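See below for the structure under consideration.
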Amino acid sequence: MSGWKAKRFWKAATVVPQGAGWGVRLDGRPVKTPGKTPLVVPTEAMAAAIATEWDAQQGEVKPATMPVTRAANSALDKIAVQFDEVAAMIAAYGGTDLLCYRATGPAALVARQAAAWGPLLDWAADTLAAPLVVTTGVVPVSQPRASLDRLAEVVRAFDPFRLMALHDLVAISGSLVIGLAIVRGRISVQDGWDASRIDETWQVEAWGHDEEAAELEALKREAMANAARFHALCAAPPTSAQ
């Protein structure tokens with residue numbers, strides 16, 4: 001027997017002020033998260049994006065086509081109730097950051113990594129006060145305790161919605177520095193994606209595309225773009241001002 005699936009029952013999704021934030025209503029009924037938490041988001045623009053996703057549903061509701069809604073649900077049901085654990089998990093990436101592990105060869109790959117990753121580590125040292133140690137190969141290297149503490153402090157300063165976006169940016173890229181550089185406007189999400197895929201791009205250039213790997217990469221790239229968009233919506237101005 002197939003499981004029950006939600007189907008469209010509403011005519012229109014609307015955005016309304018709700019408490020200190022914004023909510024979405026379906027024919028006047030407030031939307032709630034899967035955990036039954038009222039779906040109240042920090043900006044009108046984010047609520048409008050969620051309403052647009054609900055209005056785009058035809059027949060069966062397909063959560064996979066609703067990235068802003070899903071991210072908001074996770075921020076409220078998961079991040080907000082497990083904030084310390086999630087923040088610690090994200091901050092831990094600083095101890096094994098992708099940018100710190102360089103290839104030993106070929107020379108062209110070594111140069112490509114240095115050109116893309118060096119400036120980002122310089123930015124982390126100068127702007128975040130968190131210098132990190134670079135090594136070659138995959139043997140773990142110990143990072144300065146002061147730098148790890150500083151990165152953890154930076155991460156803990158996020159609210160649950162912004163932390164949701166940072167979580168996906170870091171998990172997909174494998175780099176806390178790349179995630180922070182994107183949300184702080186140091187680099188674009190495209191540049192962050194390219195920096196995180198230097199090794200994979202090198203392999204494709206050498207050996208060609210694998211269809212299955214290419215499909216998975218496309219999904220990750222889309223998810224990374226969605227995370228960056230979600231973070232931007234956390235501070236977006238009212239829709240009337242856009």
Which condition number does residue 24 fail, the rest of (1) exposed (fewer than 15 other Cβ atoms within 10 Å of the Cβ); (2) outside any loop (DSSP other than H, G, I, E, B) being met? (1)
Unmet criterion (only one of (1) surrounded by fewer than 17 Cβ atoms within 10 Å (Cβ to Cβ); (2) in contact (Cβ under 8 Å) with a residue 12 or more places away in the chain; (3) over 20 Å from residue 166 (Cα atoms)) for residue 31: (1)
Starting from the stretch 165-184, take each residue that is at positive phi and list its partners that are of a type outside the set (A, V, I, L, M, F, W, C) and not in a helix (DSSP H, G or I), counting only C-beta distances under 9 angstrom and pairs at least six apart or across chains. 174/97
Quick one: in the stretch 31-85, which of the residues that are more than 20 Å from the chain's Cα centre (by Cα) and of a type in the set (Lys, Arg) is modelled with the lowest pLDDT? 62
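Would it be correct to say that residue 38 is in contact (Cβ under 8 Å) with a residue 40 or more places away in the chain and not assigned by TED's automatic domain parsing to the domain that holds residue 176?
no
Show me the helices (runs of 4 or more DSSP H) found entirely inside the stretch 128-223 where at least 2 residues are in contact with a Gly (Cβ under 7 Å, 6 or more places away or on another chain) and modelled with pLDDT of 95 or more.
Working: elements: 145-156, 160-173, 176-183, 189-196, 198-207.
It comes to 145-156, 160-173, 176-183.
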Can you name the residue in the stretch 43-77 that is closer than 14 Å to residue 164 by Cβ and without any contact (Cβ under 8 Å) to a residue 40 or more places away in the chain and is also surrounded by the most Cβ atoms within 10 Å (Cβ to Cβ) among such residues? 50
Top-ranked residue in the stretch 90-127 [being assigned to a loop (DSSP other than H, G, I, E, B) and not β-branched (Val, Ile, Thr); ranked as nearest to residue 153 (Cα to Cα)]: 97
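Could you go through the stretch 89-101 and let me know if any residue there is β-branched (Val, Ile, Thr) and surrounded by 18 or more Cβ atoms within 10 Å (Cβ to Cβ).
Yes - at least one qualifying residue is present in the stretch 89-101.
The values are calculated or read from the model by the stated rules, or taken from the named source; none is laboratory data. Keep in mind that what you see is a predicted model, and the values were worked out from it rather than measured. All Cβ positions, even for glycine, are placed from backbone atoms using ideal geometry, and neighbour counts span all protein chains on display.
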